[in-house]
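Beneath this line is the structure, given in structure tokens, with notes to follow.
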Amino acid sequence: MSKIRIIIADDHATVREGLKLLIDAQPDMETVGEAGDGRTAVAMALELRPDLVVMDISMPVLNGLKATLEIKNLCPEVKVVALTRHTDSAYLQELLRAGASGYVVKQSLSTELINAIHAVATGARYLDPVIAGETISRRLTRQTKLRADESPDLSYREEEILRLIAWGHSNKEIAAQLEISVKTVESHKANTMRKLGLTSRIDIVRFALLKGWLTEN
């Protein structure tokens, strides 16, 4: 029986090593390549034509969302399973729109990733149970009105506040960090969302993903 050929894309070498050990220990799977950034992942997918890419979201050069979009555009037969620490439904929705077939959070047991690979390799879709219950019913319900590459220019302060909101900071935390009033934060937030056509925090996270603002330290 032929093995499922897999590329691992994650910017942390220790994570890649652990995933490689896990995958290569399965009798029907093998790692055929490793990438430390999204651009390399795209190039390797084009060169090696694997069955599947295990894709981290937050990576340098090209994030996992954009890398998934490019891979599905250039070689649509290659499946993508997103593996990330993010449990926010906005990440799930954007990765599914980009063409990912599976979504697993790093906090889950390793068996979840193996289950996801098996499911996706056979043409199914797999969502980690940690987030599936709360997101399936509202998945793909609406599009962000304005894509990041078409957005109007933001001031330095507007972008600064939007980035912090996308990372999950409250208005009070942002005010303390930037040494401004909560009212000023709320005003900038309202003006920026109106300018971009955003209506919720999920929209802000999507916008930040498309802009490449969300990176893991």
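Put simply, of Ser155, Ser200, Ser187, Ser181 the only residue that is modelled with pLDDT under 85 and of a type outside the set (A, V, I, L, M, F, W, C) is Ser200. Within segment 76-87, residues that are on the phi < 0 side of the Ramachandran plot and assigned to a strand (DSSP E or B) have Cβ atoms under 9 Å from residues that are modelled with pLDDT of 95 or more and acidic (Asp, Glu) in these pairs: Lys79/Asp51; Leu83/Asp10, counting only partners at least 6 apart in sequence or on another chain.
Taking the conditions exactly as written (surrounded by 18 or more Cβ atoms within 10 Å (Cβ to Cβ) and either free of Cβ contacts under 8 Å to residues at least 12 places away in the same chain or assigned to a loop (DSSP other than H, G, I, E, B) (or both)), does Met59 satisfy them or not? When the stated conditions are applied, Met59 passes them. Of everything in segment 100-120 that is hydroxyl-bearing (Ser, Thr, Tyr) and closer than 24 Å to Asn73 by Cα, the residue that is surrounded by the most Cβ atoms within 10 Å (Cβ to Cβ) is Tyr103.
Against the conditions (1) at pLDDT 85 or above; (2) exposed (fewer than 14 other Cβ atoms within 10 Å of the Cβ); (3) aliphatic (A, V, I, L, M), Leu140 satisfies every one except (1).
If only residues of segment 28-49 that are under 15 Å from Ala67 (Cα atoms) and touching a Gly at 6+ places or on another chain (Cβ under 7 Å) are counted, the one that is surrounded by the most Cβ atoms within 10 Å (Cβ to Cβ) is Gly38.
The values are calculated or read from the model by the stated rules, or taken from the named source; none is laboratory data. Computed from a predicted structure; not experimentally measured. Ideal geometry is used to build each Cβ from the backbone, glycine not excepted, and the neighbour counts take in all protein chains shown.
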